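See structure below.
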Amino acid sequence: MPRLFWLVALFVGYLERKKARLDPTLRALLMTRVSQQCDCAFCIDANSLRLAQRCGAMDKVLALEAWRTSALFTPAERAALDYAEAMTATPPRISEAHKHELHCHFNDAQITEMTALVAFQNLSARFNAALEIPSQGLCSMREKTDA
């Protein structure tokens, strides 16, 4: 379905543009965490690779599932991850505390773009998981954690 592919590609292309309002590492962090929550093997693989490339290491990739207890994440990243998890819940569970914490680190335009990014990744991960799109072996994260 080429038209569907191009529409999705345009959406993610806009969110990943050079002049995006969110830092590239934060975008990859959020996309990877949402992928984990949705249990999308393909998305976890692809987004973990992107996160590792943007961080220059695997540390945050390997610590992401336990981000609440890891010292690797900044207060802004924690606020964004908490929001992304709340958005990804079914139904979404966005509280006033989430909104307040986000506004401590991000402006309205950044929060709107973050919301679009998390919504996109939910669409992508749920779509790929439903169609059982497998991991492509792009990021060897699972191999390292099983060893």
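The values are calculated or read from the model by the stated rules, or taken from the named source; none is laboratory data. Only a predicted model underlies this, so the values are computations on that prediction, with no experimental measurement involved. Here the Cβ is made from the backbone with ideal geometry for all residues, glycine too, and neighbour counts use every protein chain on show. Calculation scope for accessible area: heavy atoms of the full protein, side chains included, ligands and nucleic acids excluded. Shrake-Rupley method; radii C 1.70, N 1.55, O 1.52, S 1.80 Å.
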Net charge of Cβ neighbours under 13 Å - reference C43; Lys, Arg +1; Asp, Glu -1: 0
Surface per residue (accessible, 1.4 Å probe) for the stretch 32-147, Å²: 53 Å²
For peptides 61-70, 9-18, sequence by mean Cβ density within 10 Å, most packed first: 61-70, 9-18
In order through the stretch 32-43: 3J(HN,Hα) via Karplus (6.51 cos²θ - 1.76 cosθ + 1.60), integer Hz, x for Gly, Pro: 5, 5, 4, 4, 4, 4, 8, 6, 9, 4, 4, 5
³J(HN,Hα) computed for each position of the stretch 128-139 - Karplus, 6.51 cos²θ - 1.76 cosθ + 1.60, integer Hz, glycine/proline x: 5, 5, 5, 8, 6, 6, x, 4, 9, x, 6, 10
Net charge contributed by nearby residues that have their C-beta within less than 15 Å of L15 (K/R +1, D/E -1): +4
Choice from T90, T115, T74 with maximal GNM fluctuation in the chain (Cα, 10 Å cutoff): T90
Shape call, the stretch 65-119: gyration tensor on alpha carbons, a/c limit 1.5: oblate
Debye, to nearest 20: dipole size of the stretch 54-147, +1 on Lys, Arg Cβ, -1 on Asp, Glu Cβ: 80 debye
Within the accessible area of the stretch 13-142 (1.4 Å probe), percent carbon and sulfur: 55 percent
When the chain is reduced to its Cα atoms, the Kirkwood hydrodynamic radius in Å: 15.6 Å
Per-residue ³J(HN,Hα) for the stretch 110-120, Karplus 6.51 cos²θ - 1.76 cosθ + 1.60, θ = phi - 60°, Hz, x for Gly and Pro: 5, 5, 5, 5, 4, 4, 5, 5, 5, 5, 4
